[in-house]
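Peer 1: Okay, here's the structure, questions in a sec.
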């Protein structure tokens, strides 16, 4: 039992992201309201962001801003050690992914407004009814 | 649909969880991800770019090309919302005006409405009287928010922050103004054309800097070649180059956030809105 | 041909220019669109032309020297920074993208002006952004940069097709959901590759993968990347978004997006399977070829049969596109040299054919103001050149020699026979016959039925966004039929010339397919594949 | 036997010359200029082909590769004796038919004549392309171009009947070529690695008997233009076309392209040895004989003249297949010769049918009573044509039939001899009523008013020419006979 718990604890970040991812996916598939679907989509994307950021973490590392330097006299300063800082690359990537998520959200909302203007509702089943009629 | 969703979710989730068993543990300093590229960045960023904040350096220099397109993504979203939603000059069926001396609200049909008047004040159809506290607090706060935003932009080299963060905060200040007052007042101060021009200009600053480097020197976005223009050595030129593009990013992000807000909040009419 | 080499030594930044030009021009177009309605078009056309010329020079350069061009963005070498890789395959696809975007754009000036009145700046800007997104996806050598550019192409794509008939916003929203799932899966796959290898550069990852063939992370990265791409390329059963999204949108956007999106996604798939994961991994280690070919077979049958059931011309084309996706995916996963050659050749040919068909749809709409098949009645007599081009395109889809469709199909079928996948061969032949029926039905209407007087009360067809309804005073500038009182003649030259150029290209591509395969595609396929 | 190969671009020009004339035809301002383009192109084409004739008769081969569409297969041309024979027939008859078309189209004042002449030119280009193909791929390409180029000709009237016939036409022709011939070609390529025509075939040693039989059948039925039953019913349907089209395309170009393709594939790809070893030839002979007999029987019952001619064509085409499938020297010579002899005979018959329709508007045999007295020249030509088709001396048809009969005896299958003789009898039986009606009906049975006379000169001259050539070929079959025997000697050796 303890082994399982420690195993889960060691992989907790993955569990968290998978659960979030599935929550988002479930909302996107099942929910009837388009805005709820959009919210699901955002959760879905956020889960991936969580995944990336969590893989950058190192136990005992700090944020990747080199402590002693201002860059002007780098020669006399001690070189930064990789172990001391967490992995900066996933953070960079996720800045991009966040921006992409925001952009997608904006476009999705714009489309939802268009849909609402067209059909007067955001419930998918009602829209389908109107299309068939 | 519900069962289908459940099956898909359970299947995908199970699969994803199953495969995590081989993944490196949380916080493992010896995972491949932490051993291949990231040590290089941590150890050499200062030497290469004279920027202590590794994230900023990677963002705007090593992977600066990515970030340029990231900014473009924002611009794309702004353009997309504009293209999808904007309805220019729609004839408004009726407008509401508040007669300020008496506090009477009047409804005008068609195009018969008071043009410029000291006593009549246009209000939204779902207008509620302004809350003085909110109004006052926001007016007070907006200046500080904006100054903080500029700080965030400027200090991206040394602390968490940079163009995106600063730009978003700047945009939020204008959006706060629009929410606390009304949309028209915000548009009067920061017009739609301004927003569009700023959002294009920000990316232009970024891509233009890149193109300038390419024209002077060799590679797109290689800030080294800016050193003769900036009058610094090649390493510092990188640091300054990063700052220039961060400003571009901030301008675009701010303008697009505002632009998207204008379009979304008024469903493209930009007449009445939140 | 040393001429091109000379140019190249003067312009070493060409791999950047080809994508930066549309990007910068899109900014200028967006800004100038605020002040003037004509300039955005000129800026965009010039930028697309520059990209087009650059891609020609690049492919000449690559074919001439045989050297893969590597361009370091921001001056950083491969695993640290982002590099652009122009090899034979990407140069070929770049040429396809830039030429298709350019030709479709210049032929649609009038359509853009009527359908996107007062928003020309934004529309042209998004058109350019979409093009640069595709160019970047094709040329990039970085797995994450690919994701960013994919999102640029997708977002601008949503905007471009979101404006159309009154059903298009909903269709586009569904497309957006699926597209986002696909892209996010791809991103997740890249993340898995990153935790397994610590790198984002495609070549770098490819050099690490052979040391960890048995890793389950790599396996799952492959699965999830492929799942993401399969959604985006609309293979059965993940195809649902495509017909609605492409058929309801405006013809200008359809002419750009329909020929290119699925093809570029397939290119990405090929790139990932061949370059990122080695062919050894994809074909020998995973043993998924059989499954993928069967998926392709089902897609072909499904696409063809659904196309048969459609009444609307553009919806029919959409299902044909789905079937063609099956051709390419199936051809690639045959896993032999001929099949992969066929798949790559078909990317080029299918882009050209689809472009021609959608351009034809644009011309018919412009001339008749109607979108239905019936609007084609008697068109052979009225618009002989357009119909000649259309017939060529149709024959090419059917696969009649000497048009290019025949030759890529030939490779695919030979590959199928060589791989022993007789069901795939049968599916290809079945789909050819179905296509023959489909297009024959249309050509028959155009040939036999007498010309129909078009009803001008309804000329103002539904695919116009609300914007236009507020410009009734400009009605005279809309479709020409309003002016000419039912007399339809040949299309205006600015539409006709690009269209005829594309149609003739269909034959030229066919006749020179041997040259293309020998000089370009042969270098793409690793020697390990027989 | 090693043949000397001459590299020359002449075959390419021979194919392309009429395509090059199309822009001229389209842009012509008057009818006369347009017709001049047509005739000039026809003349030049014949001259180019004739200029290659001496070389071929010397036993040389002209060859040229235009495009290398696949690494090992190109669009290439190769003129040998058999191709020359066919090209000679097609190009000479094209001139005659062009003249006839001008008369026919003008006198009936048909619509869309420009389109008609353009596609006519495209069709003849494709026909020569088939004749000069160096490999199966090139042949297939031109075969398909021909199918499509003839579609607007077949459906020229653009009415309901034309529409359904057009559908049938494309269904059989395109369906056959895409559904059967193309896969057969790919399988061939897969097993042999080449598609070039070789004198003795390329398949020997690469293939087992079942597959060989399957491929042979796929080619035989896939090249549906040859009209082997049950892939024949497009041919009667296609008779809705204007008569010159029926004449050139359905008596000469299209159906002969089918026959030519089948013969080329059987000899050049599958090879006589494979056909003989796996007993495929016998099966083909039986299918062909079946078609011959049934088609002749159906022809007996047709009242519409053009339909009767169409079924006659179906039967006669199978003679060609039968002759080649007998695998004897004389049989093959007869089969190849029959391409030429039947062409001249049958085109005369079609011209006559068209001339009758032009002059009187009558299509049915039962209405043609006494027509011979009003249109003596036409009906005499008709007589000569039918004698040639039946195989009576002194007409060209006799020579090919003679060789065919010799072939059946050589091969020892006497049953096919009886098929030939029986069908000849049937041929005579279905042509006889036409003359009887035309010449021997009494004056009071005649259905015409007085003013009926010969068709316009543009129509009559061509049919007189072809009829006289039919007779001439009996006395002087030299170029064709020489070419056929040359071709046979390369195929059979010796």
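The values are calculated or read from the model by the stated rules, or taken from the named source; none is laboratory data. Model, not experiment: these values are computed from the prediction. All Cβ positions, even for glycine, are placed from backbone atoms using ideal geometry, and neighbour counts span all protein chains on display.
Peer 1: In the stretch C:124-135, how many are under 23 Å from residue C:241 (Cβ atoms), facing another protein chain (nearest Cβ under 10 Å) and touching a residue at least 40 places away in the same chain (Cβ under 8 Å)? Walk me through how you get there before you give the answer.
Peer 2: Of the stretch C:124-135, the ones under 23 Å from residue C:241 (Cβ atoms) are C:126-127, C:129-131, C:133-134.
Then drop every residue that is not facing another protein chain (nearest Cβ under 10 Å), which leaves C:126, C:129-130, C:133.
Next, from what is left, pick out any that are touching a residue at least 40 places away in the same chain (Cβ under 8 Å): C:126, C:129-130.
Within the stretch C:124-135, residues that are under 23 Å from residue C:241 (Cβ atoms), facing another protein chain (nearest Cβ under 10 Å) and touching a residue at least 40 places away in the same chain (Cβ under 8 Å) number 3.
Peer 1: Got a sec? Which of C:367, C:314 is under 16 Å from the mean Cα position of the chain (by Cα) and at pLDDT below 90?
Peer 2: On the way: C:367 fails: under 16 Å from the mean Cα position of the chain (by Cα).
Just a single option satisfies the conditions, and that option is C:314.
Peer 1: Let me ask you something else. Residues of the stretch D:391-418 being closer than 17 Å to residue D:293 by Cα and surrounded by 24 or more Cβ atoms within 10 Å (Cβ to Cβ), which ones?
Peer 2: Taking the stretch D:391-418 first, the residues closer than 17 Å to residue D:293 by Cα are D:391, D:401, D:404-405, D:408, D:413-418.
D:391, D:401, D:404, D:408, D:416, listed by residue number.
Peer 1: Scan (1) at the interface with chain B (Cβ under 9 Å from one of its Cβ atoms); (2) assigned to a helix (DSSP H, G or I); (3) farther than 30 Å from residue C:114 by Cβ for the single condition residue C:199 breaks and write down its number.
Peer 2: Residue C:199 satisfies every listed condition except (2).
Peer 1: Just to check your reading of the model, which residue among C:44, C:16, C:100 is buried (at least 22 other Cβ atoms within 10 Å of the Cβ), within 14 Å of another protein chain (Cβ to nearest Cβ), closer than 27 Å to residue C:162 by Cβ and within 24 Å of the chain's Cα centre (by Cα)? So that I can check it myself, show each step before the final result.
Peer 2: Details: C:16 fails: closer than 27 Å to residue C:162 by Cβ; C:100 fails: within 14 Å of another protein chain (Cβ to nearest Cβ).
The match here is C:44.
Peer 1: Can you tell me which residues in the stretch B:7-29 are facing chain A (nearest Cβ under 7 Å) and in a loop (DSSP other than H, G, I, E, B)? It would help to see each step written out before you state the result.
Peer 2: The initial filter retains those residues of the stretch B:7-29 that are facing chain A (nearest Cβ under 7 Å), namely B:8-9, B:12-13, B:16-17, B:20, B:23, B:25-27, B:29.
Correct list: B:23, B:25, B:26, B:27, B:29.
Peer 1: Please determine whether any residue of the stretch B:146-159 is assigned to a loop (DSSP other than H, G, I, E, B), touching a strand residue (DSSP E or B) at 6+ places or on another chain (Cβ under 8 Å), within 14 Å of another protein chain (Cβ to nearest Cβ) and modelled with pLDDT of 75 or more.
Peer 2: Of the stretch B:146-159, the ones assigned to a loop (DSSP other than H, G, I, E, B) are B:158-159.
Checking which are touching a strand residue (DSSP E or B) at 6+ places or on another chain (Cβ under 8 Å) leaves us with B:158-159.
Right, trim to within 14 Å of another protein chain (Cβ to nearest Cβ) and you get B:158-159.
With modelled with pLDDT of 75 or more added as a condition, the list becomes B:158-159.
Yes: the stretch B:146-159 contains one or more residues that are assigned to a loop (DSSP other than H, G, I, E, B), touching a strand residue (DSSP E or B) at 6+ places or on another chain (Cβ under 8 Å), within 14 Å of another protein chain (Cβ to nearest Cβ) and modelled with pLDDT of 75 or more.
Peer 1: Determine which member of the set C:162, C:157, C:179, C:189 is farther than 13 Å from residue C:249 by Cα and touching a residue at least 40 places away in the same chain (Cβ under 8 Å). Walk me through how you get there before you give the answer.
Peer 2: Working: C:162 fails: farther than 13 Å from residue C:249 by Cα; C:157 fails: farther than 13 Å from residue C:249 by Cα; C:189 fails: touching a residue at least 40 places away in the same chain (Cβ under 8 Å).
Just a single option satisfies the conditions, and that option is C:179.
Peer 1: If only one of B:33, B:60 is facing chain C (nearest Cβ under 10 Å), at pLDDT below 85, within 31 Å of the chain's Cα centre (by Cα) and not in a loop (DSSP other than H, G, I, E, B), which one is it?
Peer 2: Numbers: B:60 fails: at pLDDT below 85.
One residue alone meets the criteria, B:33.
Peer 1: Being buried (at least 24 other Cβ atoms within 10 Å of the Cβ) and more than 9 Å from chain B (Cβ to nearest Cβ) is the filter here, so list the residues in the stretch C:148-169 that pass it. Show your work before the answer.
Peer 2: First, the residues of the stretch C:148-169 that are buried (at least 24 other Cβ atoms within 10 Å of the Cβ): C:148-164, C:168-169.
Matches in the stretch C:148-169: C:150, C:153, C:154, C:157, C:161, C:164, C:168.
Peer 1: Something else about it: Restricting the search to the stretch A:16-35, which residues are in a helix (DSSP H, G or I), within 15 Å of residue C:181 (Cβ to Cβ) and either more than 12 Å from the chain's Cα centre (by Cα) or more than 8 Å from chain B (Cβ to nearest Cβ) (or both)?
Peer 2: A:20, A:22, A:23, A:24, A:25, A:26, A:27, A:28, A:29, A:30
Peer 1: Can you spot a residue in the stretch B:173-185 that is within 14 Å of chain C (Cβ to nearest Cβ), without any contact (Cβ under 8 Å) to a residue 40 or more places away in the chain and over 14 Å from residue B:254 (Cβ atoms)? Even if it seems obvious, please write down each step before you answer.
Peer 2: Step one: list which residues in the stretch B:173-185 are within 14 Å of chain C (Cβ to nearest Cβ), which gives none.
Checked against the condition, which is being within 14 Å of chain C (Cβ to nearest Cβ), without any contact (Cβ under 8 Å) to a residue 40 or more places away in the chain and over 14 Å from residue B:254 (Cβ atoms), the stretch B:173-185 yields no hits at all.
Peer 1: Looking at the stretch B:36-57 only, could you name the residues that are assigned to a helix (DSSP H, G or I) and at the interface with chain C (Cβ under 10 Å from one of its Cβ atoms)?
Peer 2: Those that are assigned to a helix (DSSP H, G or I) and at the interface with chain C (Cβ under 10 Å from one of its Cβ atoms): B:38, B:39, B:40, B:41, B:44, B:48.
Peer 1: Those residues that are at the interface with another protein chain (Cβ under 9 Å from one of its Cβ atoms) and either surrounded by fewer than 21 Cβ atoms within 10 Å (Cβ to Cβ) or part of a helix (DSSP H, G or I) (or both), I need them from the stretch B:221-237; list them, please.
Peer 2: Applying the first criterion (at the interface with another protein chain (Cβ under 9 Å from one of its Cβ atoms)) to the stretch B:221-237 yields B:221-225, B:235-236.
B:223, B:224, B:225, B:235, B:236, listed by residue number.
Peer 1: Does residue B:197 count as modelled with pLDDT of 90 or more and within 14 Å of another protein chain (Cβ to nearest Cβ)?
Peer 2: Details: modelled with pLDDT of 90 or more: yes; within 14 Å of another protein chain (Cβ to nearest Cβ): yes.
Here the answer is yes, as residue B:197 does meet what is asked.
Peer 1: Restricting attention to the stretch D:74-87, does a residue exist that is facing chain C (nearest Cβ under 10 Å), touching a helix residue (DSSP H, G or I) at 6+ places or on another chain (Cβ under 8 Å) and either in a helix (DSSP H, G or I) or over 30 Å from residue D:481 (Cα atoms) (or both)?
Peer 2: Yes, the stretch D:74-87 contains at least one residue that is facing chain C (nearest Cβ under 10 Å), touching a helix residue (DSSP H, G or I) at 6+ places or on another chain (Cβ under 8 Å) and either in a helix (DSSP H, G or I) or over 30 Å from residue D:481 (Cα atoms) (or both).
Peer 1: Quick one: would you say residue B:241 is crowded, with 23+ Cβ neighbours inside 10 Å and farther than 25 Å from residue B:77 by Cβ?
Peer 2: Details: crowded, with 23+ Cβ neighbours inside 10 Å: yes; farther than 25 Å from residue B:77 by Cβ: yes.
It is true that residue B:241 is crowded, with 23+ Cβ neighbours inside 10 Å and farther than 25 Å from residue B:77 by Cβ.
Peer 1: Could you please find all residues in the stretch C:398-431 being touching a residue at least 12 places away in the same chain (Cβ under 8 Å), farther than 19 Å from residue D:175 by Cα and not in a helix (DSSP H, G or I)?
Peer 2: C:421
Peer 1: May I ask you to verify whether residue D:46 is more than 14 Å from chain C (Cβ to nearest Cβ), out of contact with any strand residue (DSSP E or B) (no Cβ under 8 Å at 6 or more places or on another chain) and either modelled with pLDDT of 85 or more or not in a helix (DSSP H, G or I) (or both)? Explain how you work it out, then say what you get.
Peer 2: Working: more than 14 Å from chain C (Cβ to nearest Cβ): yes; out of contact with any strand residue (DSSP E or B) (no Cβ under 8 Å at 6 or more places or on another chain): yes; either modelled with pLDDT of 85 or more or not in a helix (DSSP H, G or I) (or both): yes.
Answer is yes for this residue.
Peer 1: Considering (1) within 14 Å of another protein chain (Cβ to nearest Cβ); (2) over 19 Å from residue B:256 (Cα atoms); (3) surrounded by 17 or more Cβ atoms within 10 Å (Cβ to Cβ), say which one residue B:218 fails and leave the rest.
Peer 2: Exception for residue B:218: condition (3).
Peer 1: Give all pairs with beta carbons closer than 8 Å in which a residue from the stretch D:39-55 that is over 20 Å from residue D:80 (Cα atoms) meets a residue that is surrounded by fewer than 16 Cβ atoms within 10 Å (Cβ to Cβ); count only pairs at least 6 apart in sequence or on separate chains.
Peer 2: D:41/D:20
Peer 1: Which count do you get for residues in the stretch D:139-171 that are in a helix (DSSP H, G or I), farther than 14 Å from residue C:392 by Cα, at the interface with chain C (Cβ under 7 Å from one of its Cβ atoms) and out of contact with any strand residue (DSSP E or B) (no Cβ under 9 Å at 6 or more places or on another chain)?
Peer 2: 2
Peer 1: Let me ask something else. Read through the list (1) under 18 Å from the mean Cα position of the chain (by Cα); (2) closer than 27 Å to residue D:32 by Cα; (3) crowded, with 20+ Cβ neighbours inside 10 Å, then give the number of the only condition that residue D:95 fails.
Peer 2: (3)
Peer 1: Determine whether residue C:180 is away from chain B (no Cβ under 12 Å), in a helix (DSSP H, G or I), modelled with pLDDT of 90 or more and under 24 Å from the mean Cα position of the chain (by Cα). Lay out the reasoning, then the answer.
Peer 2: On the way: away from chain B (no Cβ under 12 Å): yes; in a helix (DSSP H, G or I): yes; modelled with pLDDT of 90 or more: yes; under 24 Å from the mean Cα position of the chain (by Cα): yes.
Criteria met by residue C:180.
Peer 1: Go through the stretch C:405-432 and count every residue that is within 22 Å of residue C:360 (Cα to Cα) and either out of contact with any helix residue (DSSP H, G or I) (no Cβ under 6 Å at 6 or more places or on another chain) or facing chain D (nearest Cβ under 10 Å) (or both).
Peer 2: Summing the residues that are within 22 Å of residue C:360 (Cα to Cα) and either out of contact with any helix residue (DSSP H, G or I) (no Cβ under 6 Å at 6 or more places or on another chain) or facing chain D (nearest Cβ under 10 Å) (or both) in the stretch C:405-432 gives 2.
Peer 1: Would you check if residue D:191 is within 14 Å of another protein chain (Cβ to nearest Cβ) and closer than 25 Å to residue C:426 by Cα? Step through it out loud before you land on a result.
Peer 2: Details: within 14 Å of another protein chain (Cβ to nearest Cβ): yes; closer than 25 Å to residue C:426 by Cα: yes.
So residue D:191 fits the description; yes.
Peer 1: Applying the selection to the stretch C:502-522, what residues are buried (at least 16 other Cβ atoms within 10 Å of the Cβ) and more than 13 Å from chain D (Cβ to nearest Cβ)?
Peer 2: Those that are buried (at least 16 other Cβ atoms within 10 Å of the Cβ) and more than 13 Å from chain D (Cβ to nearest Cβ): C:502, C:503, C:505, C:506.
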